[in-house]
1. Of all residues in segment 305-320, how many are under 23 Å from R333 (Cα atoms) and free of Cβ contacts under 8 Å to residues at least 40 places away in the same chain?
2. How many residues does segment 195-209 hold that are touching a residue at least 24 places away in the same chain (Cβ under 8 Å) and at negative phi?
3. Applying the selection to segment 71-81, what residues are over 26 Å from L191 (Cα atoms) and either acidic (D, E) or without any contact (Cβ under 8 Å) to a residue 12 or more places away in the chain (or both)?
4. Taking segment 123-181 only, how many residues are over 18 Å from the mean Cα position of the chain (by Cα), of a type in the set (G, A, S) and assigned to a loop (DSSP other than H, G, I, E, B)?
5. Can you tell me which residue among N127, N106 is over 27 Å from I259 (Cβ atoms) and either modelled with pLDDT under 90 or not hydrophobic (A, V, I, L, M, F, W, C) (or both)?
6. Among the residues of segment 36-49, write down those that are open to solvent by less than 30 Å² (accessible area, probe 1.4 Å) and touching a residue at least 60 places away in the same chain (Cβ under 8 Å).
7. Output the number of residues of segment 206-238 satisfying the condition of being of a type in the set (D, E) and farther than 19 Å from L288 by Cα.
Amino acid sequence: MVLKFSISQKTAFDQLDKDFSSRQFAKVYLFHGPSRSGKLETALFFSKKIFCELSDPPCGNCLSCEKFDLGTHLDFFRISLYDEKKKGRIETIRQEILPRVYQKANQGTCKVFVFDAAENMTLSSFNALLKVIEEPPPNTFFIFITSNLYSIPITFFSRCRKVRFHPLSRDMIKKRLSENYKGKEEDVDKLVSLNFTDIESISADQIEVAEKCREQSLNFLKESMRSSEQVDPIKLMNFTTVKFDNSKTQRDNAISFLISIRSLLRDVLVLQLSSEDLLWNIDIEEDLREISTNWNEAKLADAFLILEKSIKGLQDLNTNSTLTLESLVHSIRSFLVER
Ligand SMILES: [Zn+2]
């Protein structure tokens, strides 16, 4: 049994297959690469392989494979750190994860823990797991997944076996999303553009919020480009108190706003590298081309760094969201206009 898209991530699959077949499968892996490059699917596939009881794993027919597919395997733990940043906090790791790590396997001989979006863990959570990954209990495997390698502390990073994933083309992302999406076919394009990863349970409200957020980010980038004479300072400062999702706090809105700006700048970089097949926001390509005339590689690198720092600050350090956005507005303006 093979995974359909494994051919697009041949290097990663070759490395993992080799580790698995030579019984050199590491206790702790770090899967890294851009978002939506199939890291989670690969982690699930290899977890299923580890549990499978038959000779050509994953067979898809044995009791373990069946339970795995139904999501009822008692020795498999998927810790998703996407939305609820609380889950990445130290209390959760101490109270919910660590005790399970040291428990005996329930139904098989081993346990697997997959931490998705590990970059959202706090520093204390990483430290709490450090001892565990240094000396994992027997037959216990960990796969950490991240699309932001630089958020993983070096002490942690150095203890994992790394597997790198490459960006997938827009067509490939679309194909994969279509397989799991139960809504209208024409919506899939929109979902690819809005950078959704998990779309099985997506609601119309969530799509609307994501669209509003992207619109604000786009407007922000356009407004930031204006020369000192043309810019409207009030309009620009309005971006420091963004609110497009009323059900969330100012801080959460600010985080989504920053992530959305990052995704647009990612596409600006894609356009500059002339790799159009990797473009996510294809429906606003014209706007992005216009924006891209104001950026070069050095400015983009600086902006990515500031965005990362701001996101991390809001997530971990409780920095003030309005001040964070004010400082971002100022930095972006200084890259684009004042430099
Ligand atoms: Zn099986």
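1. To start, the set of residues in segment 305-320 that are under 23 Å from R333 (Cα atoms) comprises 305-314, 319-320.
Restricting the remaining residues to those that are free of Cβ contacts under 8 Å to residues at least 40 places away in the same chain gives 305-306, 309, 313, 319-320.
Final tally of qualifying residues: 6.
2. Keep residues of segment 195-209 that are touching a residue at least 24 places away in the same chain (Cβ under 8 Å), which gives 195, 197-198, 209.
This time we only want the ones that are at negative phi, so: 197-198, 209.
Residues that pass the stated criteria total 3.
3. Going through segment 71-81, the residues over 26 Å from L191 (Cα atoms) turn out to be 72-77.
Passing the criteria: T72, D75.
4. Of the residues in segment 123-181, 1 are over 18 Å from the mean Cα position of the chain (by Cα), of a type in the set (G, A, S) and assigned to a loop (DSSP other than H, G, I, E, B).
5. On the way: N127 fails: over 27 Å from I259 (Cβ atoms).
Of N127, N106, the one residue that is over 27 Å from I259 (Cβ atoms) and either modelled with pLDDT under 90 or not hydrophobic (A, V, I, L, M, F, W, C) (or both) is N106.
6. First, pick out the residues of segment 36-49 that are open to solvent by less than 30 Å² (accessible area, probe 1.4 Å): 36-39, 42-43, 45-49.
Passing the criteria: R36, S37, G38, K39, T42, A43, F46, S47.
7. As a first pass, look at segment 206-238 and keep what is of a type in the set (D, E): 208, 211, 215, 223, 229, 232.
If we keep only those that are farther than 19 Å from L288 by Cα as well, we get 208, 229, 232.
Looking only at that region, the number is 3.
So that you can scan it fast, the table gives a plain yes or no per residue for (1) modelled with pLDDT under 90; (2) more than 22 Å from E215 (Cβ to Cβ):
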| position | (1), (2) |
| --- | --- |
| V268 | no, no |
| L271 | no, no |
| S275 | yes, yes |
| L278 | yes, yes |
| A303 | no, no |
| I311 | yes, no |
| T324 | no, no |
| S334 | yes, yes |
| R339 | yes, yes |
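The values are calculated or read from the model by the stated rules, or taken from the named source; none is laboratory data. What you see is a predicted model; the values in this text were computed from it and never measured. Quick reminder, even Gly has a Cβ in these numbers, built from the backbone with ideal geometry, and neighbours come from all protein chains shown. All accessible areas refer to the heavy atoms of the entire protein, side chains included, with ligands and DNA or RNA removed. Shrake-Rupley method; radii C 1.70, N 1.55, O 1.52, S 1.80 Å.
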